[in-house]
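Trainee: Structure in C-alpha cells, see below.
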Amino acid sequence: MIGTCMRFSKPEKGVEFTDWGLHFCPNIDEHFKSGLTGFHAPIVDIGTPNKTEGLKTLKNVINNIPGADYLTIHLHNGKEPEYNTLLDNVSELNEYSKERNIELCIENLRKGFSSKPENVINVAEATGCKITFDIGHTPYENRMNCINLFSDKIYNVHTYERECDKIGHVAPKDLTYLKPVLDGLLDIGCDFWLIELMNVEEIKNTKNMLNKYLEYYR
C-alpha cells in the first residue's frame, strides 16, 4: 500500500491522505476523514520521571481515533529520555492502544536518542510495539542496516529522499538512492509506504515513481 501523510498546518485538497499528522493539524478535516487509516501523534515528553502530561495526551489521542489501524509516536521531544521511564510509558501506551485495536508504532528520528537504531529496536522489543521506519531520518549508508535490524518490527515506512536542516523533507528526483531500500523492504514483506512530503506536486510525482517501481518489481 502506498499512502500519503497529511503534514500541513491546513490540509491541502487534491491529495487523498491516509495518515493524519496531529502534530501539524490537531483538527481532523471531515473531507479527509473517511480515507484515514492511521495517525501521527503530537510530539510530547514521555521520558521524564514524574511527568505524566505527555502520557495523558497520547492516551487522549488514542481515545479519540476509534477505528484507526495505528498511531505513530516519537519517543522524545528533543530532550534525552530517562530509559526506564520511557520503557514504562511506552509499555503502558502499547497495552492501552492494543485494548482499542490500534497498533502503536515508534519512529526513528534524525537526532538524539531515537537516531540510534539500537535504541529504537531495544524499545520496540522490550515493549512489544512496532516501528515506523523513517527513511529520510536515516543516513544513506545506514538504511539497509536499519531494515535488517528492525526487520519484522517495521509496520510502515515514511518514504522520501532525506531530511535537511532549514529545508525539511526533500522529495526524490528519481529512485536512485531509494531503490535499494525499497528492494530491502519488499524482501522482508513490508510494502506499507507513506509518502511524507509537504508539497502536493512532489507527493503526486513521488507516488507515480513508487507505483511504477512496484509494477516493475512485481
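Where a number appears in this text, it was derived from the coordinates with a stated rule and is not lab data. Model, not experiment: these values are computed from the prediction. Note: ideal-geometry Cβ built from the backbone for every residue, glycine included; neighbour counts use all protein chains shown.
Trainee: What does the charge count near K51 come to, summing +1 for each Lys or Arg and -1 for each Asp or Glu among other residues with Cβ under 15 Å from its Cβ?
Mentor: On the way: positive: K56, K59, K79; negative: D45, E53, E80, E82, D88, E92.
Its environment carries a net charge of -3.
Trainee: Sorted by average packing, counted as other Cβ atoms within 10 angstrom per residue and highest first, what order do 54-62, 7-15 take? Please list the in-between numbers first.
Mentor: Values: 54-62: 17.6, 7-15: 13.7.
The peptides rank, most packed first, as 54-62, 7-15.
Trainee: Could you work out how far apart the two model spin labels at D152 and D191 are, taking each label as a point 7 Å from the Cα in the direction of the beta carbon, and quote it in nm?
Mentor: About 1.9 nm, to one decimal.
Trainee: In nm², what is the average projected area of the convex hull enclosing the Cα atoms of segment 137-192?
Mentor: On the way: hull surface 15.6 nm².
The Cα convex hull of segment 137-192, projected and averaged over all directions, gives 3.9 nm².
Trainee: Show me 207-217, 33-43, 138-148 ranked by packing, highest mean number of other Cβ atoms within 10 Å first. Write out the running numbers ahead of the final one.
Mentor: Numbers: 207-217: 13.4, 33-43: 18.3, 138-148: 15.6.
Descending mean neighbour count gives 33-43, 138-148, 207-217.
Trainee: Considering only Cα-Cα distances, which of the following residue pairs are longer than 28 Å: K10/K56; K79/K207; K111/K212? Mind showing how you got there, number by number?
Mentor: Details: K10/K56 25 Å; K79/K207 34 Å; K111/K212 32 Å.
Beyond 28 Å: K79/K207; K111/K212.
Trainee: Given the alpha-carbon gyration tensor of segment 71-218, what are the semi-axes of its equivalent ellipsoid in whole angstrom, ordered largest first, with each equal to the square root of 5 times an eigenvalue? Kindly include the intermediate steps, with their values, before the conclusion.
Mentor: Working: eigenvalues 142, 57, 40 Å².
In descending order, the three semi-axes are 27, 17, 14 Å.
Trainee: Still on this structure, I have one more. Please report, in debye to the nearest 20, how large the charge dipole of segment 50-207 is about its Cα centre when each Lys and Arg carries +1 at its beta carbon and each Asp and Glu carries -1 there. Could you put the intermediate results ahead of the total?
Mentor: Values: 18 positive and 25 negative charges, 63 e Å.
About 300 debye.
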